[in-house]
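Structure first, commentary second.
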Amino acid sequence: MSGIKLFIYENNFKLALFKKNNISSPIIIENEKKKFLADPFLIKHNKRTYCFAEEYDHTKKKGHIVCFDLNKEKFDKKIILNENFHLSFPFIFKFKNNFFMCPETSNISEIRLYKNINFPFKWKFYKTIKKNIKSVDNIIFKKNNLWWLFTNVDYSNCNDFSHDLSIFYSKKGPLTDKWKCHPQNPKKISSLESRNAGIIFNKNKVIRISQEQGFDNYGQNINFHEIKSLNKKKYFEKIFKNKNYLRIKNKLNNPDIHHYTETDKNIMVDFKVN
């Protein structure tokens, strides 16, 4: 959970894990005292499923990245990435048989990559791919023979990351620092569907998930957008209703949800608690 506004961190989130074949029985992952969990990403590797997430520490007033091994009866949690600045939104992608993480590092005005040394618990800083940029919630993926970086840039310099969606692309793979700006940037200008809240790759479909901000209410809801057109000149997405998400909202008594992730068998969300 990113974007450093004081009122944001009055909120607390928990993680809820659902089996796709049994939405009615969620597993709630409890927070440690004075901490909360948010921004989950499920990764399946070698038939095992792991959850990467932000753990925010109210005492230190910053987040670090943790990983849960979901294959054990008791989910083991380990801190896998901790810096002297805030970290959140641990997006992970694979390139040339290596896993890379692109967490939110807006506190230092960079977009950084971390490379996995021993999956899933050991990571090290690899490279800064964009400097002098205040942006959050970065998503990197390949489509139509190009690599794409979707991010939420604070063009106003007032720590408002929920208003604009910007797109960059690369012909030289995802590890370059030569990302080109899409001519339609900022592609979206709306606090209702600009900010990234996850992504789903379903066969040939790419579904971008966005946060919907309420009035003075960070993380009020999320929306689902199927990417219909993506090239160097044009970007178009279409919003649709996700039936599993609607069932999850109902099961959790309609809470504020601000992030969504899934694999073939599992779904995880973060939801707001008092």
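In the set F125, F95, F68, F100, only one residue is buried (at least 23 other Cβ atoms within 10 Å of the Cβ), at pLDDT 95 or above and of a type in the set (A, V, I, L, M, F, W, C); that residue is F68.
For G173, the conditions (1) in contact (Cβ under 8 Å) with a residue 40 or more places away in the chain; (2) under 28 Å from V66 (Cβ atoms) are fulfilled apart from (2).
Taking into account only those residues within the range 177-209 that are among the polar types (S, T, N, Q) and within 22 Å of Y155 (Cβ to Cβ), which is farthest from the chain's Cα centre (by Cα)? Show your work before the answer.
Filtering the range 177-209 for residues among the polar types (S, T, N, Q) gives 184-185, 190-191, 194, 196, 202, 204.
With within 22 Å of Y155 (Cβ to Cβ) added as a condition, the list becomes 184-185, 190-191, 194, 196.
Details: Q184: 23, N185: 20, S190: 18, S191: 17, S194: 13, N196: 7 Å.
Ranking the candidates gives Q184 first.
Would you pick out the residues in the range 45-63 that are under 19 Å from the mean Cα position of the chain (by Cα) and more than 22 Å from F150 (Cα to Cα)? Step through it out loud before you land on a result.
Filtering the range 45-63 for residues under 19 Å from the mean Cα position of the chain (by Cα) gives 45, 49-57, 62-63.
Result: H45, T49, Y50, E55, Y56, D57, K62.
For beta carbons closer than 8 Å, sequence separation of 6+ or different chains, a first residue in the range 45-73 that is in contact (Cβ under 8 Å) with a residue 12 or more places away in the chain and more than 18 Å from Y114 (Cβ to Cβ) and a second that is of a type in the set (K, R) and in a loop (DSSP other than H, G, I, E, B), the qualifying pairs are T49/K265; D57/K34; H58/K34; T59/K34.
Residue selection: K130 satisfies the criterion of being at pLDDT 95 or above and either under 19 Å from F41 (Cβ atoms) or surrounded by 15 or more Cβ atoms within 10 Å (Cβ to Cβ) (or both).
Check the range 224-241 and report whether any residue there is farther than 23 Å from I167 by Cα and not in a strand (DSSP E or B).
As a first pass, look at the range 224-241 and keep what is farther than 23 Å from I167 by Cα: 241.
Next cut, not in a strand (DSSP E or B) only: 241.
The answer is yes, given that some residue of the range 224-241 is farther than 23 Å from I167 by Cα and not in a strand (DSSP E or B).
Could you check the range 242-274 and list, in sequence order, the residues that are in a loop (DSSP other than H, G, I, E, B), of a type in the set (S, T, Y) and touching a helix residue (DSSP H, G or I) at 6+ places or on another chain (Cβ under 8 Å)? The answer is none; no residue qualifies. Looking at K187, is it surrounded by fewer than 21 Cβ atoms within 10 Å (Cβ to Cβ), over 25 Å from Y114 (Cα atoms) and modelled with pLDDT of 95 or more? No, not satisfied. Inspect the range 225-233 for any residue being under 23 Å from N11 (Cβ atoms) and not hydrophobic (A, V, I, L, M, F, W, C) and give the result as yes or no. No, the conditions are met nowhere in the range 225-233.
Restricting attention to the range 226-237, does a residue exist that is modelled with pLDDT of 95 or more and closer than 23 Å to S88 by Cβ?
Restricting attention to the range 226-237, the residues satisfying the condition of being modelled with pLDDT of 95 or more are 226-237.
Next cut, closer than 23 Å to S88 by Cβ only: none.
No: the range 226-237 contains no residue that is modelled with pLDDT of 95 or more and closer than 23 Å to S88 by Cβ.
Return yes or no: is I207 surrounded by fewer than 21 Cβ atoms within 10 Å (Cβ to Cβ), touching a residue at least 40 places away in the same chain (Cβ under 8 Å), among the aliphatic types (A, V, I, L, M) and in a strand (DSSP E or B)?
On the way: surrounded by fewer than 21 Cβ atoms within 10 Å (Cβ to Cβ): yes; touching a residue at least 40 places away in the same chain (Cβ under 8 Å): no; among the aliphatic types (A, V, I, L, M): yes; in a strand (DSSP E or B): yes.
For I207, the condition - surrounded by fewer than 21 Cβ atoms within 10 Å (Cβ to Cβ), touching a residue at least 40 places away in the same chain (Cβ under 8 Å), among the aliphatic types (A, V, I, L, M) and in a strand (DSSP E or B) - is not met.
Just to be sure, is F41 touching a Ser or Thr at 6+ places or on another chain (Cβ under 9 Å), aromatic (F, W, Y), closer than 22 Å to V153 by Cβ and assigned to a strand (DSSP E or B)? Lay out the reasoning, then the answer.
Details: touching a Ser or Thr at 6+ places or on another chain (Cβ under 9 Å): yes; aromatic (F, W, Y): yes; closer than 22 Å to V153 by Cβ: yes; assigned to a strand (DSSP E or B): yes.
So F41 fits the description; yes.
Among the residues examined, F215 qualifies as hydrophobic (A, V, I, L, M, F, W, C), exposed (fewer than 14 other Cβ atoms within 10 Å of the Cβ) and more than 17 Å from the chain's Cα centre (by Cα).
The values are calculated or read from the model by the stated rules, or taken from the named source; none is laboratory data. None of these values were measured; they are calculated from a predicted model. Cβ: placed from backbone, ideal geometry, glycine included. Neighbour counts: every protein chain shown.
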